[in-house]
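Engineer: Encoded as structure tokens, here's the structure I'll be asking about.
Rule-based calculations on the coordinates, nothing more; no lab input. Every value quoted in this text rests on a predicted model; they were computed, and no experiment measured them. Cβ placement follows ideal geometry from the backbone for every residue including glycine, while neighbour counts extend to all protein chains displayed.
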Amino acid sequence: MSWLGRTLQSSIGGKWVVALTGLGLVGFLVAHLAGNLLVFAGPQALNDYAAGLRKFPALLLAARVGLVAIALLHIFFAVKLNLKNRAARPVAYSAKTYVKASLQSRTMVLTGVLVLVYALWHLADLTWRLTDSAVQQLGPFDAYQMVVLRFSNPLNSLFYILMMVVTGIHVSHGVQSVFQTFGLNHHKYNRCFRSLGPLLGSALAILFMAIPISVLLGIVK
Amino acid sequence: MKLDAKIPAGPIADKWTKHKFESKLVNPANKRKYQVIVVGSGLAGAAAAATLAELGYQVSCFCFQDSPRRAHSIAAQGGINAAKNYQGDGDSVYRLFYDTVKGGDFRAREANVHRLAEVSRNIIDQCVAQGVPFAREYGGLLDNRSFGGAQVSRTFYARGQTGQQLLLGAYQSLERQIGLGRVKMYPRTEMLDLVTVDGKASGIVVRDLVTGEISSHAAHTVLLCTGGYGNVFYLSTNAKGCNVTATYRSYKKGAGFANPCFTQIHPTCIPVSGDYQSKLTLMSESLRNDGRVWVSKTKGDKRAPDQIPDAERDYFLERKYPSYGNLSPRDIASRAAKEACDDGRGVGDTGLGVYLDFRDAIARLGKDTIAARYGNLFQMYARITGEDPYKVPMRISPAVHYTMGGLWVDYNLQSTIPGLFVLGEANFSDHGANRLGASALMQGLADGYFVIPSTLGNYLADLKREPVTTAHPEFKKTEDAVKDMTKKLLAINGTRSVDSFHKELGKIMWDYCGMARSRQGLEKALKLIPALREEFWRNVKVTGEGENVNQALEKAGRVADFLEFGELMCRDALVREESCGGHFREEYQEDGEAKRDDERFAHAAVWEYTGQGKEPKRHVEPLAFENVHLATRSYK
Amino acid sequence: MKLTLKIWRQKNAKSAGKISTYKVDKVSEHMSFLEMLDELNEDLIKKGDDPVAFDHDCREGICGSCSLMINGVPHGPDRGTTTCQLHMRRFKDGDEITIEPWRAKAFPVLKDLMVDRSPFDRIIQAGGFISVNSGGAQDANSLPIPKGDADQAMDAAQCIGCGACVAACKNASAMLYVAAKVSHLGLLPQGQPERQKRVLSMVKQMDAEGFGNCTNQYECEAACPKEISVEFIARMNRDYVKAAVLAREVTSTGGGE
Ligand SMILES: Cc1cc2nc3c(=O)[nH]c(=O)nc-3n(C[C@H](O)[C@H](O)[C@H](O)COP(=O)(O)OP(=O)(O)OC[C@H]3O[C@@H](n4cnc5c(N)ncnc54)[C@H](O)[C@@H]3O)c2cc1C
Ligand code: HEM
Ligand code: HEM
Ligand code: SF4
Ligand code: F3S
Ligand code: FES
């Protein structure tokens, strides 16, 4: 087997792939958030942005393929490692107390799967526009109206808000974990490395949430 | 029994070089054909097994722990001596040799001790090359500290875990050889007997501690590196599994046992708190660098320590030994503490301890400095006793720690059974009647890395015979005897647990063959022990079965040996009518100090087994002191 | 004090086990945890029952033999303490204590609370050493080592190989143990020649033994009786990838030549 194959097969190699792709996904989220926040700058800004993206279809396609690839790799390796982890302890403890491991670190698979479920719903909702006939009647670039329409539905909004919390949790362990995986652990800087995850996680969650909440409260209409 | 020490001729400083040159070499191609059994994976065993495998021998190594890394050497805290003179404070091979002979109270063999001092320097080089992280100074060079009984700084250390780091170095070398297929390791396997064919050591019989299976292993030579027998006292600083089984059963097969009564009592251990106590914890001797030892001047003083003003305290070590003070050698410090306790001035609920007080050191150096030096020891003390040594003086008491006695060996480390070699604490050779701090680690590694690889060839090169195989009837016979003993132990089904016998034996040994011994006491012990042994074989209760993990059965076998061995110790102590080093006979003292009798006892006493129920026979190896002249040891 | 103990009993590696409940009274607060179990065993022997098997030897917190999961925490509630050094004053009269063996596929139970930790030895065999033969080493002081490096190597080298890290980790990962050994040798100049080969071989063996993967939960660090830092895991992650990308030769496990 080549060195690359061997490395990818190894536990640490796999961990690096999850971290690299996780970082890519976080990058997407940050960019996506930046774009979405244009909602607060009014319909024109958001719609121009959405239209702008479509001016370069090749680039968009490449980005989408890249994103899907990253996501698939992330999921594939995360699941592969997790299956081995489960097999590594065939008999469970009858009593187990955690002293240090955070709840978010112990629920990465759960939050990850929920994010995936959410992402599929979200694609169906806003990209493929399958969930609401009113949206289907909108013009191709009227992203603003679409967002307002969909988030006016309190059930849908609530689902989004909850899922933003879940995403935040996943990112919050994920980001600080990336530092450790890349070997960035030094007692002088650990406070910074370890707080960046929760900081970024909650920032993403709160700012994303702000959109459905603003629609519900009528701030964005 | 013939005791030929095979000491090479010539001046002391040349003996080892000359002997190495004159020793027979085994042709590299032939080494592969020789099978070597190493019992024990402590410093001595792991070092020997790894080195012999590196040389090309086929090695099998056995230990009773689940991994060779857990051998009792792991517990040594303080450090390892070596005559490197890195501090430029006047150390030399000769000074280490001199200190060791004197520290051993002139009961060690000069030639062996000099060799030990010589190779001590190679040990440090070897360990550093293996990656042992010794303490260093800011300039990157190795740091040293001083230890009880020496006036130079020659002790190398790795925090308070020197034994651990040295053992891990040896263990790593051993694992490397295991990985290369040159050593076959048998963990969780206990040697239960030695097999001799035509008077030569030819193999061992072992019990697999997981499956209970009893099996034989044959080899050209057997190396015992099985450590000390301090656990004959039940309570000691030794690990729970330490035992005399391998050496004692070899003694019964014809190996001479030398100086069994020479045991070392360490002065700084945490006192016993109740009869459930299972072992004693050593507090590193380095504490005596800053702590002051005292008791009240008044008997039965029940005041809290801080209520006792200085004028009413007796700093007895400083008073009695002004030049060494709190750093007096172990045997002396221990005995002085015992005297204070016997005088009714002991401290704590049991009155069996003395104070080790850091009040003055904290006032002088500040709490932070003391915490930096001894923080983890203070923490350990607090955890065990529930008291804070920064505020209340520590209570310490003497405890059995090390056994200088062991199987007799010649200069080649060969016992009186040809082909049976004995290394490390299991042999008797280098420490005489008292071992200096930080010298046991040195000896174990010297024997394993440097001595046996050179001397083993002398035996193997002459051994002109095909390997004996386990098909030889002697193996079957020995296996059957071992199986019978196991069956017997399981069948008694009496009413008392093994531990209860062990505790009772320990009490007898401590009371009559401990820090102070007397004819009357020893004679009493010689009556009590056989009676206890008789009850053991009638009334012990060992549950479970032989074909499974059975820790009670393991203990039972070991205690059965202690019950015989204890008697041998008392016998040895009784005959040695003098006080020397760790052996203190109340009848032989002068102004409270030990009185040696060089006229009658400047020799090693070697016991020969003569059969079950028969009195063993005492032989002597006279010791000549040609370089360090016999003198009274004084630390005043 | 009086206590209720719920202890995992299992006859041997092949049979199934279960939790049994025992009562002990006459427990003194000065006893160590293992002395408390000794007392229980004395009772069991008197009754003709099989005593509880558990590994122990030094009872000083250094050999790494003892290994109990006490109320769901390896080595019990005190940080930086092995089971043998845990004392009963940490518990109250009437407490119920659950005692289980380390649980991991790589550490099969041999009996009751005793497990097989030989995978740790095999990981060392794969490369946890410096290949020097006895004899012929250069003078120890001809190689100065910065005190900081030596101290950090010592921090890692303190590992007692107890396996609590594996027991604590939700994934039964042995990363802390392996990282400690890789770092101990990797931090020293003597360890440099084999540094890349060592980390590749040791991780390969670790994976082959059936341990889980690390997902950076740091529970191991909290359970480690020697308080070995997960900083060493980070170090190993770095070393491993560097070695995987840069190492020239193909490495195999075992051997050192
Ligand atoms: C608490 C403590 C602290 C110490 N501190 C120091 C110090 O600072 N400096 C110093 O120089 N010395 C110190 N010593 C003494 C020193 O540690 C020992 O003397 C030395 O380590 C003994 O090494 P060894 O290789 O001879 O035997 P051990 O390390 O005891 O090894 C014995 C080996 O034999 C095996 N074994 C025993 N019986 C059998 C059997 N029947 N079948 C199979 N295998 C068997 C065991 O499994 C083990 O592997 C200390 C001792 C103690 C107790
Ligand atoms: C409340 C916050 C969010 C809003 C308002 C929002 C809005 C949108 C909109 C409008 C689109 C469609 C863009 C288009 O088709 O032109 C989109 C696409 C997408 N969103 Fe979101 N999004 C949010 C949160 C998220 C989150 C948290 C994720 C990730 C888990 C996510 C992942 C995606 C993906 C993968 C696409 C498809 C991108 C593409 O078409 O290439 N979104 N989002
Ligand atoms: C928006 C989408 C996602 C982002 C931003 C994201 C981000 C991350 C990050 C940064 C990590 C840390 C990697 C490391 O250092 O080990 C991670 C780990 C992980 N992710 Fe995701 N992830 C996302 C989606 C998913 C999905 C859909 C799953 C689905 C199953 C998932 C499962 C996991 C798992 C199991 C881990 C391993 C836990 C760990 O290593 O700590 N993730 N993720
Ligand atoms: S890293 Fe800590 S917990 Fe793990 S084996 Fe070593 S000492 Fe035990
Ligand atoms: S707890 Fe387990 S997940 Fe990693 S950091 Fe420690 S090995
Ligand atoms: S028994 Fe040795 S560490 Fe606990």
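Engineer: At q = 0.11, 0.15 Å⁻¹, what log₁₀ I(q)/I(0) does a Debye calculation on the Cα points of segment C:95-253 give, no solvent, two decimals?
Structural biologist: Debye output, listed in q order: -0.46, -0.82.
Engineer: Determine the alpha carbon to alpha carbon distance for each of B:K33/B:K184; B:K200/B:K487; B:K240/C:K105; C:K181/C:K226 and list only those over 22 Å.
Structural biologist: Details: B:K33/B:K184 15 Å; B:K200/B:K487 28 Å; B:K240/C:K105 29 Å; C:K181/C:K226 13 Å.
Result: B:K200/B:K487; B:K240/C:K105 exceed 22 Å.
Engineer: Tell me, A:M146, B:M283, B:M442 in order of fewest to most beta-carbon neighbours within 10 Å?
Structural biologist: A:M146, B:M283, B:M442
Engineer: With all distinct Cα pairs included, what does the Kirkwood hydrodynamic radius of segment B:1-121 come out to in Å, to one decimal, could you say?
Structural biologist: Computed over segment B:1-121, the radius equals 17.2 Å.
Engineer: Test of understanding: in a Gaussian network model of chain A with alpha carbons linked when under 10 Å, which of A:S102, A:S152, A:S195 would top the mean-square fluctuation ranking?
Structural biologist: Greatest mean-square fluctuation among the candidates belongs to A:S102.
Engineer: Find the centroid of the Cα atoms in segment B:13-48 and in segment C:182-234, then give the distance between the two in whole Å.
Structural biologist: 35
Engineer: So what is the orientation-averaged projected area of segment B:344-451, using the convex hull of its C-alpha atoms, in nm²?
Structural biologist: Mean shadow area of the hull around the Cα atoms is 10.3 nm².
Engineer: Grab the DSSP H runs of chain B that are 4 residues or longer, score each as -39,500 (n - 2.57), total them, divide by all residues and round the 222 nm result to the nearest 500 deg cm²/dmol. Don't skip to the answer; put the middle values down first.
Structural biologist: On the way: 18 runs with 228 residues, N = 636.
Taking each H run of at least 4 residues, the total per residue is -11500 deg cm²/dmol.
Engineer: Would you work out the relative contact order for chain B, in percent, from Cα pairs under 8 angstrom that are 6 or more residues apart?
Structural biologist: Details: 1373 pairs, mean separation 128.3, N = 636.
20 percent.
Engineer: P(r) tail for chain B, what percent of Cα pairs lie past 31 Å?
Structural biologist: Above the 31 Å cut-off, chain B has 49 percent of its Cα pairs.
Engineer: Right, next: At a temperature of 25 °C and a viscosity of 0.890 mPa s, determine how fast segment B:417-467 diffuses translationally according to Stokes-Einstein, using the Kirkwood radius over alpha-carbon pairs as Rh; express D in µm²/s, rounded to the nearest whole number.
Structural biologist: On the way: Rh = 12.5 Å.
Here the translational diffusion coefficient equals 197 µm²/s.
Engineer: What whole-number volume per residue, in cubic angstrom, does the convex hull of the C-alpha atoms of segment B:110-258 give?
Structural biologist: That works out to 188 Å³ per residue.
Engineer: Under Stokes-Einstein, with the Kirkwood radius over Cα pairs standing in for Rh, what whole-number D in µm²/s applies to segment B:516-636 at 37 °C and 0.692 mPa s? Show your work: numbers first, answer last.
Structural biologist: Details: Rh = 17.2 Å.
It diffuses with D of about 191 µm²/s by this estimate.
Engineer: What 222 nm value per residue comes from the helices of chain C, counting each DSSP H run with n ≥ 4 as -39,500 (n - 2.57) and dividing by all residues, nearest 500 deg cm²/dmol?
Structural biologist: For chain C, the value works out to -10000 deg cm²/dmol.
Engineer: If you place +1 on the Cβ of every Lys and Arg, -1 on the Cβ of every Asp and Glu, and leave all else neutral, what size is the dipole of the protein assembly as shown about its Cα centre, to the nearest 20 Debye?
Structural biologist: Details: 134 positive and 114 negative charges, 508 e Å.
It works out to roughly 2440 debye.
Engineer: Taking only Cα atoms and a 10 Å spring cutoff, compute GNM fluctuations for chain A and point out the largest among A:Y98, A:Y160, A:Y189.
Structural biologist: A:Y98
Engineer: Radius of gyration and Dmax for the protein assembly as shown's Cα atoms, expressed in Å?
Structural biologist: Using the Cα atoms of the protein assembly as shown, the pair Rg, Dmax is 33.0, 117 Å.
Engineer: Could you tell me the calculated FRET efficiency between B:S518 and B:L352, based on Cβ-Cβ distance and R0 = 22 angstrom, to the nearest 0.05?
Structural biologist: So, using R0 = 22 Å, E works out to roughly 0.65.
Engineer: Report, in cubic angstrom per residue, the convex hull volume of the C-alpha atoms of segment C:42-108.
Structural biologist: Numbers: hull volume 8.5 nm³, N = 67.
For segment C:42-108, the hull spanned by Cα atoms encloses 126 Å³ per residue.
Engineer: When a/c reaches 1.5 or more, the comparison of a/b and b/c decides; with that in mind, is segment B:261-348 rounded, prolate or oblate per its Cα gyration tensor?
Structural biologist: Details: a/c = 1.68, a/b = 1.14, b/c = 1.48.
Oblate, since a/c reaches 1.5 and b/c is not below a/b.
Engineer: Taking the inverse of the average 1/r across all pairs of different Cα atoms in segment C:53-155, what Kirkwood radius in Å do you get?
Structural biologist: 17.1
Engineer: For segment A:158-215, what does the relative contact order come out to in percent, with C-alpha contacts under 8 Å and a separation of six or more?
Structural biologist: Working: 55 pairs, mean separation 29.8, N = 58.
51 percent.
Engineer: In Å, what Rg and Dmax follow from the Cα atoms of segment B:389-473?
Structural biologist: 18.9, 68
Engineer: Quick check: the distance between the Cα centres of segment B:372-427 and segment B:538-569, to the nearest angstrom?
Structural biologist: Going from one Cα centre to the other spans 24 Å.
Engineer: Using only helices, what value at 222 nm comes out for chain A when you add -39,500 (n - 2.57) per DSSP H run of length 4 or more and divide by the total residues, to the nearest 500 deg cm²/dmol? Present the calculation step by step, with values, prior to reporting the outcome.
Structural biologist: Numbers: 10 runs with 164 residues, N = 221.
Computed ellipticity for chain A at 222 nm equals -24500 deg cm²/dmol.
Engineer: For segment B:458-538, just list the percent of Cα-Cα distances falling in each 10 Å bin from zero outward, please.
Structural biologist: For segment B:458-538, the pair-distance distribution reads 14, 26, 21, 19, 19, 1.
Engineer: Let me check against my output: what whole-number percent is the relative contact order of chain A, with C-alpha pairs under 8 Å and at least 6 apart?
Structural biologist: After rounding, I find 25 percent.
Engineer: Okay, moving on. Which percent of Cα pairs goes in each bin when the distances of chain A are cut into 10 angstrom slices starting at zero?
Structural biologist: Here the calculated profile for chain A is 7, 28, 33, 21, 10, 2.
Engineer: How big is the gap, in Å, between the Cα center of segment B:150-228 and the Cα center of segment B:428-476?
Structural biologist: Their Cα centres are 11 Å away from one another.
Engineer: Please give the charge dipole size of chain A, origin at the Cα centre, charges +1 on K and R Cβ atoms and -1 on D and E Cβ atoms. Round to the nearest 20 debye.
Structural biologist: That gives chain A a dipole magnitude of about 1000 debye.
Engineer: Now a separate question. For segment A:49-91, with equal point scatterers placed on the C-alpha atoms only and solvent neglected, what are the log10 I(q)/I(0) values from the Debye formula at q = 0.17, 0.24, 0.28, 0.30 1/Å, to two decimals?
Structural biologist: Reported log10 I(q)/I(0), two decimals: -0.60, -0.79, -0.88, -0.93.
Engineer: Putting +1 on Lys and Arg Cβ atoms and -1 on Asp and Glu Cβ atoms, find which of B:M191, A:A119, A:I75 reaches farthest to the positive end of the dipole of the protein assembly as shown.
Structural biologist: It is A:A119, whose Cα lies furthest towards the positive end.
Engineer: Something else now. From zero outward in steps of 10 Å, how is the percent of C-alpha pairs of segment B:178-239 spread across the bins?
Structural biologist: 18, 38, 35, 9, 0
Engineer: For segment C:14-126, with only Lys/Arg (+1) and Asp/Glu (-1) charged at the beta-carbon, what is the dipole magnitude about the Cα centre, in debye rounded to 20?
Structural biologist: 460
Engineer: Among A:W3, B:W537, rank each residue by its count of other Cβ atoms within 10 Å, from fewest to most, as a rough exposure measure.
Structural biologist: B:W537, A:W3
Engineer: Further, regarding this structure: Hey, how much of the P(r) for segment B:88-135 falls beyond 15 Å, as a percent of Cα pairs?
Structural biologist: Cα-Cα pairs of segment B:88-135 separated by over 15 Å account for 53 percent.
Engineer: Can I ask one more? Among B:F450, B:S278, B:V26, which residue has its Cα furthest toward the positive end of the charge dipole of chain B, with +1 on Lys/Arg Cβ and -1 on Asp/Glu Cβ?
Structural biologist: Positive-end residue among those listed: B:V26.
Engineer: What per residue convex hull volume, in Å³, comes out for segment C:163-221 when only alpha-carbon positions are used?
Structural biologist: Residue-normalised Cα hull volume stands at 76 Å³.
Engineer: Alpha carbons only, please: Rg and Dmax for segment B:1-71, in angstrom.
Structural biologist: 15.7, 45
Engineer: When B:F536, B:F316, B:F562 are ordered from fewest to most other Cβ atoms inside 10 Å of their Cβ, what list results?
Structural biologist: B:F316, B:F536, B:F562
Engineer: Specify the angular offset, from 0 to 90 degrees and rounded to the nearest 10, of the alpha carbon long axis of helix B:93-103 from the longest principal axis of the alpha carbons in chain B.
Structural biologist: With both axes taken from Cα atoms, the answer is about 70 degrees.
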